[in-house]
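The values are calculated or read from the model by the stated rules, or taken from the named source; none is laboratory data. The structure presented is a predicted model; accordingly, all values stated were derived computationally and were not measured. Here the Cβ positions follow ideal geometry from the backbone for every residue, glycine too, while neighbour counts run over all protein chains shown. Accessible surface areas use protein heavy atoms only, side chains included; no ligands, DNA or RNA. Shrake-Rupley method; radii C 1.70, N 1.55, O 1.52, S 1.80 Å.
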Amino acid sequence: VIARQRIVVIGSGSAGLIAALELSEAHDVTLVTKLELTESNTRWAQGGIAVAMSSDDTVAEHIEDTLRAGAGLCNPEAVAVLCAEGPARIRDLIRLGVGFDQQNGELSRGLEAAHTRPRVLHAGGDATGLSIELALARAVRAANVTLLEHTFAADLVLENNRVTGLIIIDPNGNRRQLSADTVILASGGAGQLFLHTTNPSVATGDGAALALRAGAEIADAEFYQFHPTALATADTFLISEAVRGEGAVLLDRAGRRFMQAIDERAELAPRDVVARGIALQMAAQDGEPVLLDATGLERTHGAGFLARRFPSIHAACLERGFDWTQQPIPVTPAAHYWMGGVRTDLVGRTSVPGLYAVGEVACTGVHGANRLASNSLLESLVFAHRCATFLNSEDASHFAENAQDHREKVLALPDITSVSMPKTLRDRTTLQTLLWNAAGIERNGASMRAALEQLLQWQVEGTDIASLETANLLTVARAVVTAALAREESRGAHFRNDFPTTSPAWQHSLVYAQPIAHEVAAC
Ligand SMILES: Cc1cc2nc3c(=O)[nH]c(=O)nc-3n(C[C@H](O)[C@H](O)[C@H](O)COP(=O)(O)OP(=O)(O)OC[C@H]3O[C@@H](n4cnc5c(N)ncnc54)[C@H](O)[C@@H]3O)c2cc1C
């Protein structure tokens, strides 16, 4: 018999919903999420989930593709777990009612960049994330989980360096404390760090900032993946890589293909290569977006193909005034996915006892320096399940063994807890512009040193949720730029024009700050 615990899960994307659902029978589970239950990065995922489930594919090949994309920085053990356990997690989703698209009685499979064969399962054409989110949300609503929607996780409570609770801001703006034996961060990514991002407004890096303030380690913070193709409109709507997987091509403003001259894999080269290729081309045409031409697919697959295969993108294009069946559409790269995050082991344990992390907020090591397309939903399914299985089978005494110290090879972040910053950051866009310019697709030492100096002078005033989010972004920005400045090489998604080659000497980066004890009595 395992001891019943009070478990608080932060976040209701795929990772948080799975963790909450699977823990709900054996434990008292509270799920805290800052908007309505279904708002998350998960909800917006289009292309699908990479998994080796067909007779012409193997787990070994999926592992190989993942390791290759990760540019020498993946944890091979974590990758093996991801690819081997993926098929079982897909079967779980099917049992929960996710209707993956089928063709001739078999699961349809899309091709995405850097995969040696088509293995990306999708649902509702390009509405994979929404299908998963709705199925999981339905299951969680029916389970024994206390749901706190429109509730903001503000800080972790620590006693003797162990997490014992969470400070929340409820829908009425009141701060209060939830006691917990275990807190699971499932709070997603931090795309809002950058001026251009595919991520929704909730992706403000809160979980990583909470974890840093609690003394947890952030690994590989410098690795941010920029998606090559977001619609060049104010809301940077994502145009899935699966569109290029089906055969759409990139054109310069004169209508010529330019990716073939950059990489033999052309439009299906790894994301960092394509994103940099587009950025270079945009620089050569005065910042004007490049064009994505999908019109040929209507000719090769028949009229109506784009609307059938990509209904969400089709509708989004039309809403924004583009008929992509007739004309190429303007696209630009945008921040998309954070490979770095709170360092965890293979069951989600962080370096702080009582604190777990799953999904995009975690760094399990499966993505290394660059994520293979459509491996992130899979990561959230596999590792949220592993975390829940661990907590369902072990007792709390295991927490004490949790905090292995890896700090002999760290990048310390000494100023993160300082409270005497001389300047006030009034506007989130200023921060996002700084990060986009200094730590975006292409970086160098001079601009990052200047950016870090600036970042270390700012503080954010205000206790409303938007200000707290901006303060969290500032904390994560310091971690990202500190790590990116220290890594004097180029690897995967991290490209420095002053160190353009990969150096075998560099391995993982770790960033940490001194823990801040939050006053329990203050709530
Ligand atoms: C447009 C787009 C398309 C994508 N397409 C794909 C794809 O095709 N395939 C793929 O594998 N991946 C894709 N990704 C990436 C993938 O969607 C994410 O990596 C994955 O969904 C992350 O799941 P998660 O559960 O970790 O986090 P999320 O789904 O982001 O959920 C995080 C949750 O935490 C909540 N939260 C955050 N901070 C707080 C706080 N302080 N207090 C309370 N709650 C908080 C949020 O509201 C949200 O509910 C895409 C991402 C985007 C943005």
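About the Cα centre of segment 1-127, how large is the charge dipole given +1 on each Lys and Arg Cβ and -1 on each Asp and Glu Cβ? Please answer in debye to the nearest 20.
The calculation lands at about 280 debye.
Roll a 1.4 angstrom probe over the protein heavy atoms and tell me the percent of accessible area of segment 30-106 that is carbon or sulfur.
The C+S portion of the solvent-accessible surface of segment 30-106 is 50 percent.
Can you give the accessible area of Met259, probe radius 1.4 Å, in Å² rounded to 10?
0 Å²
Any chance you could check the Cα centroid distance between segment 72-89 and segment 120-181 for me, in angstrom?
If we compute the Cα centre of each part, the gap is 25 Å.
Find out how many positive minus negative residues lie around Cys363, taking Lys and Arg as positive, Asp and Glu as negative, among other residues whose Cβ is under 13 Å from that of Cys363. Provide the component values of the computation, followed by the final result.
Numbers: positive: Arg343, Arg349, Arg371; negative: Glu217, Asp220, Glu222, Asp345, Glu360, Glu379.
Neighbour charge sum, excluding Cys363 itself: -3.
Once you charge only the Cβ atoms, +1 for Lys and Arg and -1 for Asp and Glu, what is the size of the charge dipole of the chain about its Cα centre, to the nearest 20 debye?
For the chain, the charge dipole is close to 280 debye.
Based on the Cα atoms of segment 122-264, what semi-axes does the equivalent ellipsoid have, where each is the square root of 5 times one gyration tensor eigenvalue, given in whole Å with the largest first?
Computed over segment 122-264, the values are 38, 20, 14 Å.
Does segment 73-185 come out rounded, prolate or oblate by the C-alpha gyration tensor, with a ≥ b ≥ c the root eigenvalues, rounded set by a/c under 1.5 and, if not, prolate when a/b is larger than b/c and oblate if not?
Judged from the Cα gyration tensor, segment 73-185 comes out prolate (a/c at least 1.5, a/b above b/c).
What percent antiparallel are the DSSP beta bridges of the chain, to the nearest 5?
60 percent
So if I average 1/r over every pair of distinct C-alpha atoms in segment 290-365 and take the inverse, what Kirkwood radius in Å does that give?
15.6 Å
Please work out the average accessible area per residue across segment 448-510, using the 1.4 Å probe convention, and give it in Å².
Per-residue value: 40 Å².
So how many Å³ per residue does the convex hull of the Cα atoms of the chain work out to?
Working: hull volume 75.7 nm³, N = 523.
Convex hull volume per residue, Cα atoms: 145 Å³.
How big, on average over all directions, is the shadow cast by the Cα convex hull of segment 227-284, in nm²?
Details: hull surface 15.9 nm².
Over every viewing direction, the Cα hull of segment 227-284 projects on average to 4.0 nm².
Which whole-number percent gives the relative contact order of the chain, counting Cα pairs below 8 Å spaced six or more residues apart?
22 percent
Would you kindly work out the equivalent ellipsoid of segment 416-495 from its C-alpha gyration tensor and give its semi-axes, the square roots of five times the eigenvalues, largest first in whole Å?
Numbers: eigenvalues 112, 31, 22 Å².
Whole-Å semi-axes of the equivalent ellipsoid: 24, 12, 11.
Provide the solvent-accessible area of Phe305, counting protein heavy atoms only and rolling a 1.4 Å probe, rounded to the nearest 10 Å².
For Phe305, the solvent-accessible surface is approximately 20 Å².
How much mean residue ellipticity at 222 nm does the chain get from its helices, if each DSSP H run of length 4 or more adds -39500 (n - 2.57) and you divide by all residues, to the nearest 500 deg cm²/dmol?
Calculated from helices alone, the mean residue ellipticity at 222 nm is -10000 deg cm²/dmol.
How far is the Cα center of segment 310-325 from the Cα center of segment 1-47, in Å?
33 Å
Step by step: find N for segment 205-350, compute 2.2 N^0.38 Å, then divide the Cα radius of gyration by it. What's the final number?
For segment 205-350, the normalised Cα radius of gyration comes out at 1.23.
Which of the listed residues, Leu510, Leu468, Gly86, is farthest toward the dipole's positive end in the chain, when Lys, Arg count +1 and Asp, Glu count -1 at the beta-carbon?
Leu468
For segment 212-276, what is the accessible area per residue in Å², given a 1.4 Å probe and the full set of protein chains?
Heavy-atom accessible area per residue stands at 30 Å².
Computed over the Cα atoms of segment 213-257, what is the ratio Rg over Rh, Rh following Kirkwood?
1.21
Between Gly492 and residues 5 or more places away or on another chain, which pairs have amide H atoms under 5 Å apart, with H built 1.01 Å from N, and which residues are they?
none
Specify which residue in the list Trp436, Ala483, Ala219 is farthest towards the positive end of the charge dipole of the chain, using unit charges on the beta carbon of Lys, Arg (+1) and Asp, Glu (-1), about the Cα centre.
Going by the Cα projections, it comes out as Trp436.
Which log10 I(q)/I(0) values, to two decimals, does segment 1-110 give at q = 0.16, 0.17, 0.19 Å⁻¹ under the Debye formula with one point per Cα?
Relative scattering, expressed as log10 I(q)/I(0), comes to -0.97, -1.05, -1.17.
Tally up the carbon and sulfur contribution to the accessible surface of segment 140-247 as a whole percent, 1.4 Å probe, everything protein left in place. Walk me through the numbers before you get to the answer.
On the way: 1280 of 3000 Å².
Here it works out to 42 percent.
Accessible area per residue, 1.4 Å probe, Å², for segment 1-145: what's the number?
Working: 5610 Å² over 145 residues.
Per residue, segment 1-145 has an accessible area of 39 Å².
Placing unit charges on C-beta atoms (Lys and Arg positive, Asp and Glu negative, everything else neutral), compute the dipole magnitude of segment 236-343 about its Cα centre in debye, rounded to 20.
220 debye
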